[in-house]
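Derivation of every value follows stated rules applied to the coordinates shown; laboratory data play no part. Model, not experiment: these values are computed from the prediction. Counting neighbours? That spans all protein chains shown, and the Cβs are built from the backbone with ideal geometry, glycine included.
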Amino acid sequence: MSAATGTTWAVVVNDEEQHSVWPADSAPPAGWRTLGFTGSRDACLTRIAAEWTDLRPAGLRRRMGAA
């Protein structure tokens with residue numbers, strides 16, 4: 001999928017709290033949901049960088065916190 005100029009992107013997240021971008025005019029793939037933020041690809045990546053600061057999957061974070 002190209003990062004065509006003019007494409008609106010959405011920030012999506014899965015159950016492990018991993019973030020990605022997805023074309024806003026398409027439904028996210030199974031297991032992913034939108035977070036309500038859309039914009040240019042760069043704007044979405046900037047938003048992800050600000051919010052997703054711990055890149056470990058949620059399940060790993062839970063297991064490490066329980067240890």
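Mind running the shape call on the chain? Use the C-alpha gyration tensor, a ≥ b ≥ c as the square roots of the eigenvalues: rounded below 1.5 for a/c, prolate if a/b tops b/c, oblate otherwise. In terms of gyration-tensor shape, prolate.
This model, with +1 at the C-beta of Lys and Arg and -1 at the C-beta of Asp and Glu, gives the chain a dipole about its Cα centre of some 200 debye. Taking the Cα atoms only, what angle lies between the long axis of helix 41-51 and the longest principal axis of the chain, rounded to 10 degrees? Value to nearest ten degrees: 20.
DSSP loop (so not H, G, I, E, B), at most 14 other Cβ within 10 Å: list which trypsin sites (Lys or Arg not before Pro) in region 9-67 pass both filters. The partial results should precede the final answer.
Details: sites: ARG33, ARG41, ARG47, ARG61, ARG62, ARG63; in loops: none.
Of the trypsin sites (Lys or Arg not before Pro), not one in the loops of region 9-67 has a Cβ with at most 14 other Cβ atoms within 10 Å.
Residue separation of THR53 and THR7 scaled by 0.36 nm, minus their Cα-Cα distance, works out to 14.0 nm of gained length.
May I ask you to derive the relative contact order of region 9-66, considering only C-alpha pairs under 8 Å and at least 6 residues apart, and to give it as an integer percent? Normalised by residue count, the contact order of region 9-66 is 38 percent. Considering helices alone, the calculated mean residue ellipticity of the chain at 222 nm is -9000 deg cm²/dmol, with DSSP H runs of length four and up weighted by -39500 (n - 2.57) and normalised per residue.
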